Amino acid sequence: MRNPDYHDQVQELLVRAHGRWTSILRSLDVDATILSQRNQPCPMCGGTDRFQYTDKFGEGNYHCRNCGPGGGFKLLQAVKGVDFKSAVRQVQEVIGAAIVPPARAPAEPSALRMKKLAKRLWDEAHPVAQGDDVDRYLRGRQLGMDRYPKVLRCHPRLGYYDKDDKGRSRLVAHHPAMLACIQGADGHAISLHRTYLQDGRKLQRPDAKKVLSGGIQGAAVRLFEPGGVLALAEGLETAIAVHLSTGKPVWAGISAGNLERLWLPEQLQEVHIYADNDADGDFDGQAAAFALARRLRKEHRREGGPRRVKVFVPVHDGADWADVWGAQIRRTSPA
Ligand SMILES: [Zn+2]
């Protein structure tokens, strides 16, 4: 029989633990590797990279492609080899002893709040049109198009925030911005990417490009509908350059780390990855591209056998495909 007191206790504990699971699990000696948000073997069912800790909803969330999703208690039980009651006791001890700092009010922006904010900004923006700030910016980079993908929008006046010395966000100015809709595996918008603009160019500020919320977890900006082949690139500008120079449909992965984890439709037969050449730095672009290529080749598909995967890397150190495209245009167009 269920013990109502115990049930209430657990519910209360869940409320108190909300948003604090990562530090709770760390305090209970759960290996930092497990909590690193990288794909890795599942602590419950093994494999090589099927498991990822995301803490997506502040509940110590994880997802395993084999045994499914779960939260902090389930993870703690598996890692420690203990039953539910004992996991509850351990979490109670950590929270009761205040080893874990209390969650600050808006510690992690909640998924729901972010969705609302993303929707509001998206609604304030309009589809990219000839002559607007986004069009001017892209044309300036030789990336103009007669019709722009619907996942890009132009925001006429977007607040630009800075952090003050106490780490609090403060509004500094308003600038026009290019918004890109970042879509999760099911196609729903999960976040926005913003590129702040000024006088037809990228704003000269360190944070001119940013994602509205962290944790985009394999989501992509689906600029064009995939056909038999889909091309992938890291940045939006690079992706557009690849589309203009090859005619291929392209998705943008936004960052090297996310490109590596990109979610792709299972039925996709052929994938062309257009890497950034980061040989002038830490080879992040190449590493991400080849890690993705490797994963896509190995991924077991129910039909169609292994995918055809190609990786293209610009010849010059430090170049991306937008640079290559820009140089090509300058060479071929009359001065
Ligand atoms: Zn598993």
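The values are calculated or read from the model by the stated rules, or taken from the named source; none is laboratory data. Everything numeric here is computed off the predicted structure, so don't read it as measured data. Cβ atoms come from the backbone with ideal geometry, glycine included; neighbour counts cover every protein chain shown.
Scanning region 153-173 for residues that are closer than 17 Å to Trp122 by Cβ and out of contact with any Cys (no Cβ under 8 Å at 6 or more places or on another chain) yields Cys154, His155, Pro156, Arg157, Leu158, Gly159.
Do we find a residue being within 11 Å of the ligand (Cβ to nearest atom) and in contact with a strand residue (DSSP E or B) (Cβ under 7 Å, 6 or more places away or on another chain) anywhere in region 24-34? No, that holds for no residue. Give me the residue from region 320-330 that is touching a helix residue (DSSP H, G or I) at 6+ places or on another chain (Cβ under 6 Å) and in a helix (DSSP H, G or I) and, out of that set, nearest to Ala275 (Cα to Cα). So the residue we want is Trp321.
Selection within region 47-70: residues that are within 14 Å of the ligand (Cβ to nearest atom), assigned to a loop (DSSP other than H, G, I, E, B) and of a type outside the set (S, T, N, Q). The member of this set that is farthest from Arg261 (Cα to Cα) is Cys67. Might you let me know whether region 309-319 holds any residue that is modelled with pLDDT of 95 or more, in a strand (DSSP E or B) and closer than 25 Å to Leu152 by Cβ? Yes, the conditions are met somewhere in region 309-319. The set of residues in region 232-289 that are in a strand (DSSP E or B) and more than 18 Å from Arg308 (Cα to Cα) contains only Ala252. I want to confirm something. Restricting to region 35-46 and keeping residues that are surrounded by 16 or more Cβ atoms within 10 Å (Cβ to Cβ) and without any contact (Cβ under 8 Å) to a residue 40 or more places away in the chain, which single residue is farthest from the ligand (Cβ to nearest atom)? Among them, the one singled out is Leu35. Being over 20 Å from the mean Cα position of the chain (by Cα) and surrounded by 14 or more Cβ atoms within 10 Å (Cβ to Cβ) is a condition met by no residue of region 282-289. The residue that is surrounded by the most Cβ atoms within 10 Å (Cβ to Cβ), among those in region 71-92 that are within 16 Å of the ligand (Cβ to nearest atom) and assigned to a loop (DSSP other than H, G, I, E, B), is Gly71. Among the residues making up region 132-174, those that are loosely packed, with under 14 Cβ neighbours inside 10 Å and part of a loop (DSSP other than H, G, I, E, B) are Asp146, Arg147, Lys150, Asp164, Asp165, Lys166, Gly167, Arg168. Out of all the residues in region 181-196, is one or more farther than 18 Å from Asp123 by Cβ, modelled with pLDDT of 90 or more and either aromatic (Phe, Trp, Tyr) or touching a helix residue (DSSP H, G or I) at 6+ places or on another chain (Cβ under 9 Å) (or both)? Yes: region 181-196 contains one or more residues that are farther than 18 Å from Asp123 by Cβ, modelled with pLDDT of 90 or more and either aromatic (Phe, Trp, Tyr) or touching a helix residue (DSSP H, G or I) at 6+ places or on another chain (Cβ under 9 Å) (or both).
For region 322-333, state whether one or more residues are under 25 Å from Arg38 (Cβ atoms) and either in the same structural domain as Leu230 (by TED's automatic domain parsing) or crowded, with 19+ Cβ neighbours inside 10 Å (or both).
no
Only residues that are under 13 Å from Arg157 (Cα atoms) and surrounded by 12 or more Cβ atoms within 10 Å (Cβ to Cβ) were counted in region 114-131, giving 5.
Of the candidates Pro149, Pro176, the single residue that is farther than 27 Å from Thr54 by Cα and under 21 Å from the mean Cα position of the chain (by Cα) is Pro149.
Could you please let me know if Gln217 is buried (at least 17 other Cβ atoms within 10 Å of the Cβ) and in a loop (DSSP other than H, G, I, E, B)? Break it down stepwise before answering.
On the way: buried (at least 17 other Cβ atoms within 10 Å of the Cβ): yes; in a loop (DSSP other than H, G, I, E, B): yes.
Yes.
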